[in-house]
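I have placed the structure first, in the form of structure tokens, so that the comments after it can refer back to it.
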Amino acid sequence: MSRAENLPPDRVQEAAPLFAALGDATRLGLLLTLCAGGPLTVSRLSGQFAVSRQALTKHLGVLSEAGLVSSRRQGRERLWAFQPQRLEDAHLVLERLSRQWDDALARLKAHVEG
């Protein structure tokens, strides 16, 4: 039995904001940028995205609430960093969905062939 099959319902519930946060192209781009480039300030990020600094700050807030990024003060700005641990929850939920889908297809195949 895989870890995904043992995933408690509360962990599934906790993963919902994570998927919501990942469902936006700008936020996904921010994560990829922070993952590849290390911690960055909004000033540094703003040159890479076609949105205002205020919009970037809001997107980073959503990512932070989902546990995907964290920030700390650096002078007058905040330094934002990718937090990969939270992706484990997404991985477990997707693994569970994949297994359930495979099981459903196997049952359908057995039914059609039987």
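Computed values, structure above
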| read-out | value |
| --- | --- |
| Selection status of ALA90, in contact (Cβ under 8 Å) with a residue 40 or more places away in the chain, touching a Phe, Trp or Tyr at 6+ places or on another chain (Cβ under 9 Å) and surrounded by 13 or more Cβ atoms within 10 Å (Cβ to Cβ) | yes |
| Members of region 74-86 found to be farther than 12 Å from LEU31 by Cα and modelled with pLDDT of 95 or more, listed by number | LEU79 |
| Out of GLY61, GLY67, GLY37, GLY29, sole residue that is of a type in the set (Gly, Ala, Ser) and touching an Asp or Glu at 6+ places or on another chain (Cβ under 9 Å) | GLY67 |
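Residue-wise test of (1) modelled with pLDDT under 90; (2) under 11 Å from the mean Cα position of the chain (by Cα).
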site	(1), (2)
ALA21	no, yes
THR26	no, no
CYS35	no, no
THR41	no, no
LEU45	no, no
GLN54	no, no
GLY61	no, no
GLU88	yes, yes
ARG96	yes, no
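The values are calculated or read from the model by the stated rules, or taken from the named source; none is laboratory data. This one's a predicted model, so the numbers in the text were calculated from it and none came from an experiment. Quick reminder, even Gly has a Cβ in these numbers, built from the backbone with ideal geometry, and neighbours come from all protein chains shown.
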